[in-house]
Amino acid sequence: MANSASGMAVRDECKLKFLELKAKRNYRFIIFRIEGQQVVVDKLGSPEETYEDFAASLPPNECRYAVYDFDFITDENCQKSKIFFIAWSPDTSKVRMKMVYASSKDRFKRELDGIQVELQATDPSEMSLDIVKGRAL
C-alpha cells in the first residue's frame, strides 16, 4: 500500500484496476472513495456503460475520485481515447469530507500514471458530456 503525505494510504487494488482500465480497457470507469485512512475502489463500470451511467453512479451528497476512459472521434475522423480524472465534491457534502478529499487528491492522482485530463466538479453541470468533449479535444 502506498502512503501519502496527507496520511492517506492507497490500496494496491486502486492502482491495479487503473492499469487494467488503461492497458486492457477492462473498464469504462472506476470510482474511488476514501474509507478510514485509505483510498479504495468503490465501483467498476463495464466497457459497455455510458457516460450517463458513470455520472449517475456518483453519489449526490458524498465526495469521490473517479477515472473515466473517454472515447471520441477527432475532426480528422480518428478514433481516440483520453483518461479523465474527476474530483467529485458536491456542494451538499460535509465540509470535513471535502477537506479530506481535497488534501489527498494530488497524491492519489500521482499514484495513477496515465491521467490525461483533470476535472473538478461540485455539481453535475460542471462535468457534463459537453464539457468532457471540449476538454478531450
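The values are calculated or read from the model by the stated rules, or taken from the named source; none is laboratory data. Nothing here was measured: the structure is a model prediction, and the numbers come from that model. For the accessible areas, the whole protein counts, side chains as well, though only heavy atoms, and no ligand, DNA or RNA atoms are used. Shrake-Rupley method; radii C 1.70, N 1.55, O 1.52, S 1.80 Å.
Data for the structure
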{"quantity": "Order of exposure, largest accessible area first, which applies to Asp53, Asp75 with probe 1.4 Å", "calculated": "Asp75, Asp53"}
{"quantity": "Where the chain is the region considered: accessible area per residue in Å², 1.4 Å probe", "calculated": "53"}
{"quantity": "Set of lysines near Lys98 by C-alpha distance (under 17 Å), chain-local residues within fewer than 8 positions excluded", "calculated": "Lys109"}
{"quantity": "Candidates Gln116, Gln37, Gln79: whichever shows maximal mean-square fluctuation once the chain is modelled as a Gaussian network with Cα springs under 10 Å", "calculated": "Gln79"}
{"quantity": "Backbone HN-Hα couplings from phi across segment 31-45 [Karplus 6.51/-1.76/1.60, Hz, Gly and Pro as x]", "calculated": "10, 10, 9, 8, 10, x, 10, 9, 8, 10, 6, 9, 7, 10, x"}
{"quantity": "Surface accessible to a 1.4 Å probe, Thr50 within the full protein complex, Å²", "calculated": "60"}
{"quantity": "Separation between Cα centres of segment 120-137 and segment 91-116, rounded to whole Å", "calculated": "17"}
{"quantity": "Whichever lysines have a C-alpha closer than 17 Å to that of Lys24, once near sequence neighbours (fewer than 8 apart) are set aside", "calculated": "Lys15, Lys80, Lys82"}
